[in-house]
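One structure is given below, encoded as structure tokens.
No lab work stands behind these numbers, since they all come straight from the coordinates. Just so we're clear, the structure is a prediction, and the values are computed from it rather than from any experiment. Counting neighbours? That spans all protein chains shown, and the Cβs are built from the backbone with ideal geometry, glycine included.
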Amino acid sequence: GAGVSQSPRYKVAKRGQDVALRCDPISGHVSLFWYQQALGQGPEFLTYFQNEAQLDKSGLPSDRFFAERPEGSVSTLKIQRTQQEDSAVYLCASSFSIWDEQYFGPGTRLTVT
Amino acid sequence: QKEVEQNSGPLSVPEGAIASLNCTYSDRGSQSFFWYRQYSGKSPELIMFIYSNGDKEDGRFTAQLNKASQYVSLLIRDSQPSDSATYLCAVNPRQGAQKLVFGQGTRLTINP
């Protein structure tokens, strides 16, 4: 079946703009994760959903970052008033259950100018 | 001390040889361990996972886990140029906490 999909694949935003990044997990996967990957670094955890419940948002770097998954499927990561330090690749991953391995989408490369 | 540490490399290995990638972690309560491969400009791709001490083999790949030493490794036998990528070690730090903590990755180059 289809893997994790993310859109847009690339986003250029001017500093101060709001952006919304979408993730469509593998069908049937109840767990969904967002990670941020800076150039040359490993991904860093942002937040985690079990169905529609956001169970861990400890990795969100500031209150400008907000994530939701209202129907337990598609998720949106929103960044308000973007800053240059927000430039990174935002990766979404899903897993069948909380105990299973995570599969990553292609990522959204965000560049804030 | 970082939670998950890897040598960033680059690690250069001749084609056909064994590539050995290493990772240490700080949380002794960590439960599960993963190796992801990431080609330049692409997303991480799961290669192997291991939960128990010892070796786990899958084709040309072998994952090794030593919880007493807090050490996990990945061996790639008969290395191919297509194995050239960054290899990310990821750890689930404790039971019930589902986030993965990643190392910074080791860049591997297989020379023909």
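Please identify the trypsin sites (Lys or Arg not before Pro) of segment A:1-47 that satisfy two criteria: DSSP loop assignment and at most 15 other Cβ atoms within 10 Å. Which are they?
Listed in order of number, the matching sites are A:9, A:14, A:15.
If contacts are Cα pairs under 8 angstrom and at least 6 residues apart, what is the relative contact order of chain B in percent?
38 percent
Give me the extension gain from residue B:71 to residue B:56: residue separation times 0.36 nm, minus the current Cα-Cα distance, reported in nm with one decimal.
Computed gain between residue B:71 and residue B:56 is 4.0 nm.
Return the loop-located trypsin sites (Lys or Arg not before Pro) in segment B:45-112 (DSSP other than H, G, I, E, B) with at most 12 other Cβ atoms within 10 Å of their own Cβ; answer none if there are none.
none
Could you give the distance between the Cα centres of segment B:65-83 and segment A:40-113, to the whole Å?
Spelled out, the Cα-based centre of one part sits 28 Å from the other.
Quick one: grab the alpha carbon gyration tensor of segment B:1-43, order the square roots of its eigenvalues as a ≥ b ≥ c, and give me rounded if a/c is under 1.5, else prolate or oblate depending on whether a/b is larger than b/c.
Prolate.
Could you give P(r) for segment B:47-102, binned at 5 Å from zero, as whole percent values over all Cα-Cα pairs?
Result, from short to long distances: 4, 16, 26, 25, 17, 9, 3, 1 percent.
One-quarter of the Cα convex hull surface for chain B, in nm²?
Over all viewing directions, chain B projects a mean Cα-hull area of 6.7 nm².
Evaluate Rg over Rh across chain A, taking Cα atoms for both radii and Kirkwood's formula for Rh.
0.95
Quantify how strongly other chains surround peptide B:35-46 by giving the mean number of their Cβ atoms within 10 Å of each of its Cβ atoms.
Taking all residues of B:35-46 together, the mean is 4.
Short version: what are the Cα gyration tensor semi-axes of the protein assembly as shown, square root of 5 times each eigenvalue, largest first, in whole Å?
So the three semi-axes of the protein assembly as shown are 30, 20, 16 Å.
For labels at residue A:5 and residue A:78 in the simple 7 Å Cα→Cβ model, what's the distance in nm?
2.3 nm
For segment A:53-113, which GluC sites (Glu not before Pro) are both in a DSSP coil and crowded by at most 10 other Cβ atoms within 10 Å?
Sites meeting the loop and neighbour criteria: A:71.
Can you give the average number of partner chain beta-carbon atoms within 10 Å of each beta-carbon in peptide A:95-103, as a whole number?
What the average comes to for A:95-103 is 4.
Given R₀ = 25 Å, what would the calculated FRET efficiency be for residue A:66 paired with residue A:41, taking r from the Cβ atoms and rounding to 0.05?
The calculated FRET efficiency here is 0.65.
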